[in-house]
1. Check GLY38, GLY60 and return the single one that is within 12 Å of PHE167 (Cα to Cα), touching a residue at least 12 places away in the same chain (Cβ under 8 Å) and surrounded by fewer than 17 Cβ atoms within 10 Å (Cβ to Cβ).
2. Please pick out the residue among ALA140, ALA171 that is part of a helix (DSSP H, G or I) and farther than 28 Å from TRP54 by Cβ.
3. Within the range 160-178, is there a residue that is closer than 18 Å to ALA289 by Cα and among the hydrophobic types (A, V, I, L, M, F, W, C)?
4. Got at least one residue in the range 271-278 being modelled with pLDDT of 90 or more, surrounded by fewer than 24 Cβ atoms within 10 Å (Cβ to Cβ) and at positive phi?
5. Scan the range 178-196 and tell me whether some residue there is part of a helix (DSSP H, G or I), closer than 18 Å to ALA110 by Cβ and of a type in the set (D, E, K, R).
6. Specify which of the listed residues (ARG331, ARG300, ARG340) is of a type in the set (D, E, K, R) and out of contact with any helix residue (DSSP H, G or I) (no Cβ under 7 Å at 6 or more places or on another chain).
7. Regarding the range 191-209, can at least one residue be identified that is at pLDDT below 95, under 16 Å from TYR161 (Cα atoms) and either over 13 Å from the mean Cα position of the chain (by Cα) or surrounded by fewer than 24 Cβ atoms within 10 Å (Cβ to Cβ) (or both)?
8. Can ARG331 be described as of a type in the set (Lys, Arg) and closer than 16 Å to GLY296 by Cβ?
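The values are calculated or read from the model by the stated rules, or taken from the named source; none is laboratory data. Keep in mind that what you see is a predicted model, and the values were worked out from it rather than measured. Every residue, glycine among them, receives a Cβ derived from its backbone with ideal geometry; neighbour counts consider all protein chains shown.
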Amino acid sequence: MALTIAVLTAPALSSLLPVRDLVRLPAPSRVLLIASAGAVLLTVGMVPRPVARWDLFAGGLGAVGAMAVLVAVTDPLAVALLLILTGFCCAVRPGSRPMAVRARGPAFAALLLGVGWGLHGMSGSLGRAAALSLALSLVAVGGLMPYLQDVDADEPASSSYLLWTGFFAPALALTLSLRVLPALTADQATIFGGTLVGLGLLNLGWGAVGAWRTSCDADAWRHSFLADWGLVLVGLGLFQPEGFAAAYLALLSIVMVRLPLYVLARPGSLRGEPAARGTLSIVVAVVLAGAAPFAGFPVRLLLLQAATRVAWPLAVLLLAGMVLWIAHSLRLARTVGSPRGRAALGLWLTIGISLALGLFPGALRAAGGL
């Protein structure tokens, strides 16, 4: 349904914008879209029941189409409109939370984006408020801290918080950063970057500590997404080539590694089945911890390099958050369970993808023009 609304809305937007603006995709966004489509195929392959598999495939295909339209439109005001429509279409899907609650996050993100972009040409206090609003809209898109909502482990993945935090938000947040930053003045850019760095550190700390201390496995997974997004926000806010590359690689890891692992964990310990132990859980824990040679390792190296150039105390805070991260990785790895058949193949493919992301970050950066 989201894809249908987006396609029907595109002709109306084309009367307001040049057609070329509706089809212009930055190279990093293009790579993230391809990664999202791959994540859909990977997660669909893990599902053992044919009915559920086709339902997930249809929903994922529509979501990728809607995401492609969102990141192709270059006018942030048009993106805000499409964001409201997409959020509403996602909210009408079956779910345990009320539709108004599920639609609230995207609607608020669209409001912040629209207000920020509408005022970004102003000077003085209004211009600074616009920069703040634009930065907050990126955080609201993913439902990150301080825009958290309740987690329900029994809610379908297609209508849970995961749909925005782990699927829609990565490509959209990266694209919006590329769109709005060149239009900001130096003063506005400072506020924009400072807000992203501050909220990035907050999400990193909140996610790493929360995933360790919470008693609910589903909530621990949500906090782990927050920790990953904390690295992304800091990378985007540093205005360093290495920081932006780290954010880009971290988003690829969220879509291609953490998202499939969470979907795989849902039928396991999140529903009360025995936890996995032994060598497999250790390998998954290493993947989730971002240790070498897997996906998170080059992200951490690049981010620490960028932070050291800006202010070394920031690098110390990041390093502390990365160390705290290790505490919850083994716990999350055990929730994956001991998959068999399709699920086992999907798990090993995810581990292989994480290994490829960790071993070839240069090739991925070149594909994204970074």
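1. GLY38
2. One residue alone meets the criteria, ALA140.
3. Looking for residues that are closer than 18 Å to ALA289 by Cα and among the hydrophobic types (A, V, I, L, M, F, W, C), one finds none in the range 160-178, hence no.
4. No, the conditions are met nowhere in the range 271-278.
5. yes
6. Result of the check over ARG331, ARG300, ARG340: ARG340.
7. Yes.
8. Spelling it out, it is not the case that ARG331 is of a type in the set (Lys, Arg) and closer than 16 Å to GLY296 by Cβ.
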